[in-house]
Amino acid sequence: MADSAAPRKTLMAIVSLVSKQLRIDVCSVYLISPATGNLVLRASAGLKKESIDTIYMSAHEGLTGLVIEKTEPIFVKNPADHPRYKYFKESGEERFQTYLGVPLQYHRRNFGAIVFQSIDPAAISEKDIPFFTVIAGQIASLAAYRGLMENPENKRDKKAADNQTPVVETPVPTQTRDSKNILRGVPASPGIAEGIVHYLPGSVGFDQVRIERADDPKKEISRFESALKKNMSEIKELSDGLDELPLHDVAIFESHLMMLIDPSFKNQVIGHIQKGAAAEYALKKTIEHHIQRFLTIDDPYLKERSKDVEDLGKQILSKLLGETSPQSTKFQSDTILIATDISAKDLISFKQKRLKGLALSRGGRTSHAAILAKAFEIPMVIGLSDILDTVHEGDRLILDGNSGLVFRNPSDDIVNEYKGLISEKKKLLRQLKHLRDKESVTLDGHMLSLEANIGLLSDTRQAIQYGAKHIGLYRTEFPFIIRNAFPSEDEQVEIYEKILQGAEGRSVTIRTLDLGGDKFLSYFDAGKEENPYLGWRSIRVSLDREDIFRTQLRAILRVSANHPVKLLFPMLCSIKEARNIARILEEEKKDLSDQKIPFNTSIPVGIMVEVPSAVKILKHLLEIFDFVSIGSNDLIQYLLAVDRNNPKVAPLYNPLHPAVIMSIRDVVTDCNAAGKPVSLCGEAAGNPKCAYLFLGMGIDALSMTPSSIPLIKKMVLKVNRREAEEDLSRVLAMSDEDEIDLFLEERLKNYI
Ligand code: PEP
Ligand code: MG
């Protein structure tokens, strides 16, 4: 049964085992086909072999349809006499005197039924139902955890994935849909891509440099100099071509250029050549020497720089060896690039119209490459640990950067399904364009401000394009991540100024650094932690490293002198932290005043509520701060004890869990009572069902990925705030997230 790579075999093994062990004449599994919604006989011990895959019926037909409809076990004696009995002559089932059907459910969603039949009328009786129900439950969860239920095709599920809502899977156990062809990774840049696989060409390593000596030093020097020159102009060309990206995003290349123009580096290589070394070998010696020097330094930041040196060395080496640069690689068809990891430089080099997607076996959600992929709007999935073994050059892939699923050589059904989704989305965006400048007001006149989450300067362009009223969250980590060292106060002022200019008069809520968890800096050693999300992260780091914190606060305050800036602190847990923050902020304000440096003395200061403890002590926190922004991404993970980036527990990460809804409702109620503005800036803001509930709670604003704004606006324009409030009360009385989901699905079906 563990052989999940062959789901059909596994299902057959299950039914044979059950019928044999329980001495039942027939044990069959019917599954709901996601493509058609019909019930299909997928495995059977006891029915004729040829009936497998050929018996189809509507989920409203037959006794098995009744099981699905009623979502409960059905036991019938003499089934042929039952009004819902449907006879299939290919099954040979006319002989059986009993019928027991039990629904197969995963997370309370039906995905089929298991049916037991017997010739002996006494072999199964009503009192056996609990026993068979237990068996059905075992099979259902086994199927779920063994990957038998990969369901790329369920439209409803994929729509949910698009909204970054966890996906509940239903089964598609056919050969073409086995788990080898469906890879599950972590979404790193949204969107859907289709293309042919191309492996990132491996760069040549110094271990391949064998020839040590050369006879003609002059020729070697000239070869080296021309390689150096080529590399330098390539880097310059790359960074010059990036005018769509803010200058600070390109700072990655500065260290490379600095080294290339450093005369001591060049002279060292030439020195080796003059002593008789071949250019490649001289370069190898010099690079090794530099790497060694960096490695012996007892500073994590400088140690990390040895990678830059090696990277640069490899670039020059490839020029010496006459390797073609990635820039000269022109894709002939739509391409998905596969690699273990990809550097920002390589991504920029390969960027072209036909580069449609990126699939990495490793990679980080906040790596340089992920940041750039988002800025370039190239879908990317990371953490695909099996991809290098399973996917080959020339394969066709569909890559879903929203859900993290990658399909290898997908069937026509999957391709069509995705094509449908892509064109649906395009159509929606076209339709929604006219919404851009419309106010987001409900039918009964309630205004809900729809705002954008950004991380890069280029995101401000998207925010405006999609009609964001303000920038509700600017994550400041990104400019820190793509640099090689902490930016100074002046550099930060420059970065934030640009963002504010890019926002074209909209207010920008700047969040102080939220490091740790899944956001790391190569030059800041936070140490390895067993449980990074419960460890040294976010405001805890800021309060322990006041130097870094104070520099950032000063920079933000300075920018507030001329722009509508709000200041936001992440991940507060206690009143002590709140008081500390307030004290430090006052000290910095005073210092700036003393130095006559202008800033907005009444800059709005808010906190993110993203830890359950903050929900509980909010009334006290509100005495200190001006506004609240709910970080639902973290709040859900801490409330439900589910790692937000772990695909294994993704189905448990549910924004519609009653505990989540109740906690958010409590925060909104407390803020409204205190007269303090409250918004929500996690992914849930872009999920229409959640947004409808937040509207009902009386939230003031929702801040989301810019591309989600039109969909939410469309919904807001069609609903009444009063009704949303009433529906919220109904939802608050429900205890089951699936019930809530279905209720909202029904409620909003005409609006989204
Ligand atoms: C959140 O936790 O909801 C949030 C917006 O912050 P981040 O995703 O950056 O942790
Ligand atoms: Mg957070």
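The values are calculated or read from the model by the stated rules, or taken from the named source; none is laboratory data. Here the structure is a predicted model, which means the values were calculated and not measured. Glycine also receives a Cβ, built like all others from the backbone with ideal geometry; neighbour counts cover every protein chain displayed. Note: areas computed on protein heavy atoms with side chains; ligands, DNA, RNA excluded. Shrake-Rupley method; radii C 1.70, N 1.55, O 1.52, S 1.80 Å.
Data for the structure
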item: Normalised contact order of the range 371-427, rounded percent, pairs of Cα under 8 Å and 6 or more residues apart; result: 25 percent
item: Above-threshold pairs, the threshold being 18 Å between Cα atoms, out of K469/K713; K469/K589; K229/K266; result: K469/K589
item: Karplus-derived HN-Hα couplings along the range 14-25 (A = 6.51, B = -1.76, C = 1.60, θ = phi - 60°), whole Hz, x at Gly and Pro; result: 5, 5, 5, 4, 5, 5, 5, 5, 8, 6, 10, 5
item: Rel. contact order, % - alpha carbon contacts under 8 angstrom, at least six apart, the range 493-548; result: 31 percent
item: Accessible surface, per residue, of the range 432-507 when the full set of protein chains is kept, probe 1.4 Å, Å²; result: 38 Å²
item: Pairs beyond 18 Å (Cα-Cα), from K236/K374; K426/K714; K528/K648; K330/K374; K236/K330; K330/K425; result: K236/K374; K528/K648; K330/K374; K236/K330; K330/K425
item: Under the Karplus curve 6.51 cos²θ - 1.76 cosθ + 1.60, θ = phi - 60°, whole-Hz ³J(HN,Hα) for the range 83-94, x wherever Gly or Pro sits; result: x, 8, 5, 10, 9, 10, 5, 6, 7, x, 8, 4
item: Per DSSP, loop trypsin sites (Lys or Arg not before Pro) in the range 656-752 with at most 15 further Cβ within 10 Å; result: K749
item: Whole-number percent relative contact order across the chain, with pairs defined as alpha carbons under 8 Å at least 6 apart; result: 11 percent
item: Exposure of I471 as accessible area (Å², to 10), given a probe of 1.4 Å and all protein chains; result: 0 Å²
item: Mean Cβ count within 10 Å, highest first, over the residues of peptides 668-676, 61-69; result: 61-69, 668-676
item: Largest-first ordering by accessible area, 1.4 Å probe, given options K528, K419; result: K528, K419
item: Proximal lysines relative to K48, as straight alpha-carbon distance under 20 Å, when same-chain residues fewer than 8 apart are discounted; result: K9, K20, K86, K89
item: Extreme residue, positive dipole direction of the chain, given options S33, G383, S507 (C-beta unit charges); result: S33
item: Pair A122, Q352: separation of 7 Å Cα→Cβ label points (nm); result: 7.8 nm
item: Probe 1.4 Å - accessible area at T601, Å² to nearest ten; result: 100 Å²
item: Heavy-atom accessible surface of the chain: percent carbon and sulfur, 1.4 Å; result: 51 percent
item: The range 575-655: trypsin sites (Lys or Arg not before Pro) falling in loop per DSSP and having at most 15 other Cβ within 10 Å; result: K596
item: Packing rank of 262-273, 121-132, where each peptide gets the mean count of other beta carbons within 10 Å, highest leading; result: 262-273, 121-132
item: For the chain, size of Cβ-based charge dipole, Lys and Arg +1, Asp and Glu -1, in debye; result: 900 debye
item: Residues whose placed amide H lies under 5 Å from that of G191, excluding near-sequence neighbours; result: G401, N402
item: Greater than 28 Å apart at Cα, pairs in K319/K498; K427/K718; K438/K616; K438/K689; K427/K689; K438/K749; result: K319/K498; K438/K616
